[in-house]
Amino acid sequence: MNIHMPTREEIHIAFEQGEEAVAGLFMGVGKQLEELARQMENQAAAIKDLQARLAKNSRNSSKPPSSDGYGKPKRTESLRKPGQKPNGGQPGHEGQTLKQSEDPGRIEIHTAESCQECATSLAGVAAVAHEERQVFDIPAIRIEVTAHRVEVKVCPVCGAENRGCFPEGVAGPVQYGNGVKTWAAYFQSQHFVPVARTAQIFEDLLGHRIAEGTVVQAGRDLSAFVEPATAAVKEQLRQAEVLNADESGLRVKGKLHWLHVASTDRLTDYTVHARRGKEAMDDAGILPGFKGRVIHDHWKTSFGYGDCTHGLCNAHHLRELQWVEKEYGQRWAGEMADLLVEIKEAVDAAKEDSAEALPAGPLADFERRYDGIVKAGYEANPRPLVAQVGETPKKRGRRPCPGSAAQPA
C-alpha cells in the first residue's frame with residue numbers, strides 16, 4: 001500500500017481553508033496509516049504461521065518421519081520435564097551384571113609347577129584349594145556339513161536291489177538345513193537386516209556366504225509356516241477392547257511403502273502396503289468391523305471406521321502441544337501437556353494399587369482443569385467471525401491452532 005503524504009502546497013491550501021480542511025487532510029493520512037498497520041499485522045501473522053508450519057516435523061507433531069525429507073532434525077527434543085526420572089536404569093530395575101556361573105561348560109586347570117619361594121617342584125603335590133575366574137565367550141562357529149548316506153544292498157535270495165531311507169526333509173543332493181534357514185529368517189524378520197547384509201553376516205561369522213535368494217526364501221518359508229499363528233493374532237486383535245493403530249513409511253525395492261501396525265499390550269500385527277489410506281487398512285483386515293476403541297494419531301482416514309469408538313494418542317498430543325507453546329508462545333499448550341502427564345501418572349499409580357478407576361474427587365478436578373485449559377485454547381485461537389450481511393461467506397477462515405487437545409486435527 002502506498003501512502004499519499006500531502007505536499008506543502010496541499011497543507012498550505014488546507015491551512016487557508018480553515019480548521020476543518022486541516023483536520024480532514026490529517027484524518028485522511030491517519031486512515032492510510034491505520035490500513036497500513038492492519039496489513040502489516042496480517043502479514044506478520046501469516047509469516048509467523050508459515051514459520052511455525054516449516055518448524056513442524058515428526059519429532060514435534062503427528063507428521064510421519066518420511067515427511068521430514070533431507071531437513072531431518074538433528075536430535076529429538078525430550079518431553080521430559082526437569083526433575084523427572086533421569087536417563088538409564090531406574091531404582092528397582094533388574095540389572096544385567098555379569099555373574100559367575102555355577103555350572104560352567106568347561107573347566108581348565110592351571111597347575112602351580114614349582115614353589116615361588118624356593119623353586120621346589122610341586123608336580124606331585126595335591127592342591128588344597130582353587131581360585132576361580134570365569135570367561136564368558138562365544139566359541140568359533142562354522143558351517144557343519146552332514147553327509148547322509150543310505151546303504152544299497154542286494155538281496156541274496158531274489159537279487160533285488162534295496163536302499164535305506166533318507167531322513168525326512170533331506171530331499172536333494174545338497175541343501176541348507178533348518179539352522180541356516182532360521183538364522184537367515186531371524187536376522188531379516190526380527191532385526192530387519194537387509195538381505196545382502198544378512199548374507200555378509202554369514203560369511204563374516206561362519207566363513208560361508210549364502211546366496212541372497214536363499215535368505216529371501218527363508219523369509220517366505222517362515223511366513224508360510226507361521227500363517228496359522230498370524231491369523232490367530234489378527235482375530236484376537238479384532239476382538240480386543242482397545243487397539244492401537246499407526247502407520248509409518250518404509251522403502252520396498254526403493255519405493256515408498258507403508259508399515260501398518262495394529263497392536264495391544266501383548267499382540268502386534270504388521271502389514272506392509274503400497275498405500276497409506278483406507279485401502280491398505282481394509283487389506284490388513286483388522287479395523288473393518290472392529291467394535292472396540294481404537295487409539296490413533298487423529299489421522300482423518302482413521303475416523304472413517306464407524307463401528308468403533310475413537311481415542312487420540314496423547315504421545316502425539318504432547319509433541320504438538322510442545323510445538324504450539326514453542327512456536328506461538330501460548331501458555332495453555334504447556335499447561336495441557338503438564339495436565340496430560342499428571343493424569344497418566346495418577347492412572348499408573350491407581351493401577352499399582354489395583355484400583356479400577358480414579359477416585360471421584362481427583363477425577364472431577366482433572367475434568368475441571370481440562371475444560372478450563374481447553375477454554376483458554378479456544379480464546380487464544382478464536383473461530384472465524386460469521387460473515388457480515390451482504391458478504392460472501394468464506395469457505396475457510398483462520399486455521400485453529402494445531403495441537404489443541406480439545407479437537408482432532
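The protection proxy used here, the mean number of other Cβ atoms lying within 10 Å of each residue, ranks peptides 242-248, 39-45, 343-349 as follows, highest first: 242-248, 343-349, 39-45. Using only Cα atoms, locate the centre of segment 197-248 and the centre of segment 340-387, then give the distance between them in Å, rounded to an integer. With segment 197-248 and segment 340-387 each reduced to a Cα centre, they are spaced 41 Å.
Explain nothing, just the number: relative contact order of segment 314-380, from Cα pairs under 8 Å at least 6 residues apart, as a whole percent. Write out the running numbers ahead of the final one.
Details: 34 pairs, mean separation 21.0, N = 67.
Relative contact order here is 31 percent.
For the pair Q200 and L54, a Förster radius of 41 Å applied to the C-beta separation gives a FRET efficiency near 0.55, rounded to the nearest 0.05. Let's test the formula: R0 of 60 Å, r as the Cβ-Cβ distance of M27 and A229. What FRET efficiency results, to the nearest 0.05? With R0 = 60 Å, the Cβ-Cβ based efficiency is 0.15.
Taken about its Cα centre, segment 239-312 carries a charge dipole of about 320 debye when Lys and Arg each add +1 at the Cβ and Asp and Glu each add -1 at the Cβ.
For the peptides 350-357, 211-218, the ranking by packing is 211-218, 350-357, with the highest mean count of neighbouring Cβ atoms within 10 Å listed first.
Put simply, when 249-255, 201-207 are sorted by average Cβ atoms within 10 angstrom per residue, most first, you get 201-207, 249-255.
Shape of segment 173-284 from the C-alpha gyration tensor: prolate (a/c of 1.5 or more and a/b above b/c, with a ≥ b ≥ c the square roots of its eigenvalues).
Given Cβ point charges of +1 (Lys, Arg) and -1 (Asp, Glu) and nothing else, what value in debye, to the nearest 20, does the dipole of segment 237-363 about its Cα centre take?
Charge dipole of segment 237-363: 780 debye, to the nearest 20.
Listed cross-link partners K255/K300; K351/K375; K48/K326 are compared with a 19 Å cut-off, the Cα-Cα value being larger for K255/K300; K351/K375.
Neighbour counts of other Cβ atoms within 10 Å put W183, W332 in the fewest-to-most order W183, W332.
Bear in mind these aren't lab numbers, they're just calculated from the coordinates by the rules spelled out. It should be emphasised that the depicted structure is a prediction, and the values quoted were computed from it without experimental measurement. Don't worry about glycine lacking a Cβ; one is built from the backbone with ideal geometry, like all the others, and counts go over all protein chains shown.
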